[in-house]
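Input: a single structure, listed below in structure tokens.
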Amino acid sequence: MTYSPHTDADRERMLAAVGVESVEDLFADIPASVRASGWDVPPPLAEQEVRAELARLAGRNRIPAVSFLGAGVYRHLIPSVVGEVIGRPEFATSYTPYQPEVSQGTLQSIYEFQSLICELTGMEVATASHYDGATAMAEAALMACRLTRRSRVAVSAGVNPDHRRVLETYCSGPGIEVVTVPIDLADGGSGTTGVSAAEAALGDDVACLVAAQPNFYGQVEPMRELAEAAHAVGAQLVAVVEPTSLALLDAPGDCGADIVAAEGQPLGIPASFGGPYVGLMAARMASVRQMPGRLVGATRDREGRRGYVLTLQAREQHIRREKAASNICTNQALMALAATTYLCAVGPAGLREVAELSTIQARHLAAALEQAGLAERRFDGPYFAEVTMRVPNAARRHAALAERGIVAGYLPERDEPALRDTLLLAATELTTDDDIARLVSALEETR
Amino acid sequence: MSHPDDLAYSREHEWVRVEDGRATIGITSFAANELGDIVFVELPEVGATLTQFGTFGVVESVKAVSDLYAPVSGEVIEVNEALRDAPELMNSDPFGEGWIAKVELGDRSELDALLDAAGYAAETA
Amino acid sequence: MSVVEAPRSDASGRGAAFSGAAGGDDLRVVEPLIFDRSRAERRAVRFPSPSEDARERASTQPDLPASVLRTAAPRLPEVSELDLLRHFNRLAHLNQAIDLNFYPLGSCTMKYNPKVNEWAARLPGLAESHPLDPEGLSQGSLELMWLLAELLKEISGFSAVSLQPAAGAHGELTGMLMARAFHRANGEGERRTKVLVPDSAHGTNPATATMVGYEAVTIRSNRRGGIDLEALRDALGPDVAALMITNPSTLGIFEDQIDQVVASVKEAGAVAYMDGANLNAILGRFRPGEAGFDIMHFNLHKTFSTPHGGGGPGAGPIGVSERLEPFLPAPIPTLVAGDAAEFRANARAGRSTPGARFALDDDRPRSIGKVRSCYGNFGMFVRAYTYIRSNGDSGLRTISEDAVLAANYLRIRLNDVYDLPYDRLSKHEVVFSGRRQKREHGVTTLDIAKAILDHGIHPPTIYFPLIVEEALMVEPTETESLETLDHFVGVMRQIAEQAASDPEAVKRAPLTTPVGRLDEAAAARRPDLRHAFAGETDAPDAPAAAPTPKAPTA
């Protein structure tokens, strides 16, 4: 199966026009010593054959009947209209809007995305998007280093451990040291970043404090106090947020955050085994020239018509080359469009319902496990829609439940040995009472 | 393209006007034209010390970005605040309202390393 | 936005196709912002209420304290589903796209994106697969990643692959971090501080070098458009960490001294990095790993047809030589039970292998770490795998043959009307110069690009590579028919003629697009980067277009 439209007659005509005998002549510039020796690539497949192969692979996955797994990637309802919009070929099969006159659809949708992210986060400027939440956070930390001309980054242990690994890698590039601020892991402790621990890690050489709201373990952090602690030493607060939570929780812009980074996956994007997702980044207007990534701005055409263009491009690699703020070239426009469509589809009331239902079902779940004597909350204090529960023999029972098609959340001991025998359980608006009942009875049976 | 006779010019397309031991610095009309529509200039801080031929700021246009090189050494005593809101002054009036900074001139002999209007015109011809 | 002027069915000829934008009373707005369609309490989606039981049990748990609650709801638009859909459908109509028309944007490989790829990526078994599900539930996803990596190894001749980088520039970053880790492991981390980059390179190359703390050093091109071997050898020394080279180059030219380039780099102890952006030209003909390169990034969204999505998502896996393998990002999907050869043979025949098991190998102590959350843009892996299996060995070779044939055909058909600074065999693309039109008629490449818009074709990449004056970079790809290529030739010739006979007409273009040339200087001077709600002044509406005499640059 090939998608080339050329018939042999077409090829003959083109070869004749070019003035060569055969297509081999067009590759004469490849030195003989480095020509490909051959390869082991299977023969072509017809559409029905390739479908069978992909169906085979999809069938090798087992999508659990019941899942409480979140840990940074959440299963939310994706309204049908989202798939309809991002499936439109005018959005899907166009590229970076280099020619604004024929890219107003993409450009305006990005402007709307930037506007929505500003509104959600309470910030003044948002980028056109990044690869994912982890790289957005890492770029935010590097941005804070440029803004403060400092070269240390403090990150709360409450930030997603997978994302912290990406932060470490990015910071290793320019040689920026990353220090981890511990969270209160004591049994019955707060599970949050202690302000005194943050203060201990902060000094006048620290560019920023990175903290997550809610944190990886679901706990609600004292963001205002953390912002004050950072600002006291001239550091910035990089707030990492879960976007649906912003219907209920204080906007980071109101908590003193200087830069906001987030994984946008919960906004209408499927889990898809890890991607593609979309990274969100927002900041204060005063910092805009140190922001990495694309920005779309409004302007007018020669006849006074409103239109949109890529703007402030002199910050970017294609102009500034080795002096650019980042090497980032594209954004995740189609995923940003999914988030835009999602936010417009649910609206303020819908987003609040999502957040409320998720928090209610998380509490329902925790209460049901506690009342059945199966688990206790590992931390004290408020949590959002994910809760860390102490469960005896958590790893063994997690595996046993998976065999039955029930994923009992995430095992925090994978990253944090102190959290042995705990489960990190997430609820969303898709979590049903029946799901919770099935988890309770399955845990009963593996007691 | 006319270059005022009372200015000295650097090969990096900056001009300098000396009055009472103070030097006013800007970019030439040639530089402004080459850059195109200027959209932003990063001004030095008052009190900063410039070194002759060292970089002291950045100027951005829609399509390009360029470092600014000091034509003379000296301490910055004033910057053109108007450029923050209207960088286009560097396009419309590069030798006048589009000036960038004023410095306390340290060493007058540095001017010997610069070109006069005719020399600069020849350089950019 | 209250200024009203003449309707759009004016002399400009704009708008008939786009004038369905009811709802905005400003006729100078093509489609209002979604915020302008918002009406309080309108809804598109509703969610169920929690049960009494759920509420009751939840009430026994700690509430969110008032101190962390938001006081004012975010002002998201309140719209019906139909209004929402119409808004985005109208916006879609304002876009040019591959599925609508020819899109020869050089260096971007805008080929057709087959629909079976989309079908595959949406299979619930793949799309709903959670990246942190127990490995036993994710064997299909892991197998697909392993199979794709095996195919990419075959195609590129490298001994190992990481799928993690999310885009080409991200692959470059990964590759340069690995180059540095390699030199550090050899005790040369301090000494090797420079990365050599030809002057024809994408801006991402030098920007990447800087991000990793290296100094980017530019190597000039020779008169034939290749890297200047003398200049390269002069620059190579014990302080050089790597060469980053794009091959075929951004001029669409194969570096015909590539064997000597690689040998020189290796001899100097540096790492040879190939930017694989232009792999579409050399499938089955040149395998960079086999030719001695250490690292290459793939652009799955170019060569392997995953849709460009208005700028992303893409995917930028990297292939590496054996000596770089220990430094690859972790984790890597690995076959932990079963025989790889048997497994490959079965997969080729579309069979699963009983007993085979995949796991994510995260125990890689010399790894540079992770560069992205989870494992990369998996949805792109599904599409690329589908595409490679559909085309198979012969199809992949045909892709490159036809892409190269099309580029050469355009070169021959247009080189009498547009200058061709480097008149050599083309690979995936051909770079013309509009300098003759500029010099003789005052018509710039930007003007030509805008005139192309009026023919419903997306213009080539312009003003890149930087070493070509008034560059027009044309990449036709293999999926455009001869009729389309001939039509494009006709359009380009017609514009060249018009540049001579009526240059002002070319400079007025475009006239048929939803908006005309936009004032980019005003956009950058007074940035308006988000919607201003009523009563807000901090994000002012753009001022009326300033009369800037100079055309903005795209």
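Across the stretch C:468-497, the number of residues qualifying as more than 21 Å from residue C:304 (Cα to Cα), under 26 Å from the mean Cα position of the chain (by Cα) and of a type in the set (S, T, N, Q) comes to 1. Just to be sure before I move on: is residue A:9 more than 36 Å from the chain's Cα centre (by Cα) and in a loop (DSSP other than H, G, I, E, B) in the structure I sent? Here the answer is no, as residue A:9 does not meet what is asked. Note on the stretch C:100-120: residues that are more than 7 Å from chain A (Cβ to nearest Cβ), touching a strand residue (DSSP E or B) at 6+ places or on another chain (Cβ under 7 Å) and at negative phi total 2.
Considering only the stretch A:78-132, state which residues are touching a Pro at 6+ places or on another chain (Cβ under 7 Å), at the interface with chain C (Cβ under 7 Å from one of its Cβ atoms) and among the β-branched types (Val, Ile, Thr). Matches in the stretch A:78-132: A:93, A:106.
Does residue A:350 count as within 7 Å of chain C (Cβ to nearest Cβ), touching a Ser or Thr at 6+ places or on another chain (Cβ under 9 Å) and among the small types (Gly, Ala, Ser)? Criteria not met by residue A:350. For the stretch B:36-65, taking the residues that are closer than 13 Å to residue A:323 by Cβ and surrounded by fewer than 19 Cβ atoms within 10 Å (Cβ to Cβ), the one that is nearest to the other protein chains (Cβ to nearest Cβ) is identified as B:64. For the stretch A:100-148, a tally of residues being over 19 Å from residue C:534 (Cα atoms), modelled with pLDDT of 95 or more and of a type in the set (D, E, K, R) returns 3. Just one residue in the set C:204, C:218, C:174, C:210 is free of Cβ contacts under 8 Å to residues at least 24 places away in the same chain and crowded, with 23+ Cβ neighbours inside 10 Å; that residue is C:210.
Across the stretch A:362-383, the number of residues qualifying as within 11 Å of another protein chain (Cβ to nearest Cβ), in contact with a strand residue (DSSP E or B) (Cβ under 7 Å, 6 or more places away or on another chain) and at pLDDT 95 or above comes to 8.
Among the criteria (1) surrounded by fewer than 23 Cβ atoms within 10 Å (Cβ to Cβ); (2) closer than 23 Å to residue A:186 by Cβ, the one residue A:372 does not fulfil is (2). Inspect the stretch C:434-451 for any residue being at pLDDT 95 or above, closer than 17 Å to residue A:17 by Cβ and among the small types (Gly, Ala, Ser) and give the result as yes or no. No - not one qualifying residue is present in the stretch C:434-451.
Regarding residue A:74, is this residue facing another protein chain (nearest Cβ under 7 Å), under 30 Å from residue A:431 (Cα atoms) and in contact (Cβ under 8 Å) with a residue 60 or more places away in the chain?
Here the answer is no, as residue A:74 does not meet what is asked.
Taken together, the criteria place residue C:490 among residues that are part of a helix (DSSP H, G or I) and surrounded by fewer than 22 Cβ atoms within 10 Å (Cβ to Cβ). Residue C:413 passes every criterion in (1) more than 30 Å from residue A:332 (Cα to Cα); (2) out of contact with any helix residue (DSSP H, G or I) (no Cβ under 9 Å at 6 or more places or on another chain); (3) of a type outside the set (A, V, I, L, M); (4) at the interface with chain A (Cβ under 7 Å from one of its Cβ atoms) apart from (2).
Taking the condition of being within 14 Å of another protein chain (Cβ to nearest Cβ) and surrounded by fewer than 19 Cβ atoms within 10 Å (Cβ to Cβ), how many residues in the stretch B:3-35 meet it? Going through the stretch B:3-35 one residue at a time, the tally reaches 2. Checking every residue in the stretch A:67-83 against the condition of being under 30 Å from residue C:344 (Cβ atoms) and either of a type in the set (Gly, Ala, Ser) or out of contact with any Phe, Trp or Tyr (no Cβ under 7 Å at 6 or more places or on another chain) (or both) gives zero matches. Taking the criterion of being over 18 Å from residue A:115 (Cβ atoms) and more than 7 Å from every other protein chain (Cβ to nearest Cβ), the residues of the stretch A:288-307 that qualify are A:289, A:290, A:292. The set of residues in the stretch C:323-351 that are of a type in the set (A, V, I, L, M, F, W, C), part of a helix (DSSP H, G or I) and farther than 21 Å from residue C:385 by Cα comprises C:324, C:327. A count restricted to the stretch C:284-311 and to residues that are more than 9 Å from every other protein chain (Cβ to nearest Cβ), in a loop (DSSP other than H, G, I, E, B) and of a type in the set (A, V, I, L, M, F, W, C) stands at 3. Considering only residues in the stretch A:326-356 that are β-branched (Val, Ile, Thr) and part of a helix (DSSP H, G or I), the one that is nearest to residue C:174 (Cα to Cα) turns out to be A:340. None of A:38, A:59 is among the small types (Gly, Ala, Ser), modelled with pLDDT under 95 and either touching a Gly at 6+ places or on another chain (Cβ under 9 Å) or in a loop (DSSP other than H, G, I, E, B) (or both) except A:38. Residue A:237: surrounded by 24 or more Cβ atoms within 10 Å (Cβ to Cβ), free of Cβ contacts under 8 Å to residues at least 40 places away in the same chain and under 30 Å from residue A:193 (Cβ atoms), yes or no? Here the answer is yes, as residue A:237 does meet what is asked.
Tally up the residues in the stretch A:312-325 that are surrounded by 22 or more Cβ atoms within 10 Å (Cβ to Cβ) and either more than 7 Å from every other protein chain (Cβ to nearest Cβ) or outside any loop (DSSP other than H, G, I, E, B) (or both), please.
Going through the stretch A:312-325, the residues surrounded by 22 or more Cβ atoms within 10 Å (Cβ to Cβ) turn out to be A:312-317, A:321, A:324.
From what's left, either more than 7 Å from every other protein chain (Cβ to nearest Cβ) or outside any loop (DSSP other than H, G, I, E, B) (or both): A:313-317, A:321.
So the count comes out to 6.
How many residues does the stretch C:165-189 contain that are over 21 Å from residue C:331 (Cβ atoms), more than 12 Å from chain A (Cβ to nearest Cβ) and either outside any loop (DSSP other than H, G, I, E, B) or modelled with pLDDT under 95 (or both)? Within the stretch C:165-189, residues that are over 21 Å from residue C:331 (Cβ atoms), more than 12 Å from chain A (Cβ to nearest Cβ) and either outside any loop (DSSP other than H, G, I, E, B) or modelled with pLDDT under 95 (or both) number 1. Every condition in (1) within 14 Å of the chain's Cα centre (by Cα); (2) within 29 Å of residue C:203 (Cα to Cα) holds for residue B:73 except the one numbered (2). For residue A:138, indicate whether it is more than 29 Å from residue A:428 (Cβ to Cβ) and either facing chain C (nearest Cβ under 7 Å) or assigned to a helix (DSSP H, G or I) (or both). Answer is no for this residue. Within the stretch C:66-80, residues that are closer than 19 Å to residue A:220 by Cα and more than 7 Å from chain A (Cβ to nearest Cβ) have Cβ atoms under 6 Å from residues that are part of a loop (DSSP other than H, G, I, E, B) and among the hydroxyl-bearing types (Ser, Thr, Tyr) in no pair, counting only partners at least 6 apart in sequence or on another chain. Residues of the stretch A:1-46 that are within 7 Å of chain C (Cβ to nearest Cβ), more than 17 Å from residue C:426 (Cβ to Cβ) and touching a residue at least 12 places away in the same chain (Cβ under 8 Å): A:1, A:2, A:44, A:45.
The values are calculated or read from the model by the stated rules, or taken from the named source; none is laboratory data. Keep in mind the model is a prediction, meaning the values are calculated, not measured. Cβ sites come from the backbone with ideal geometry, for glycine too, and all protein chains shown count toward neighbours.
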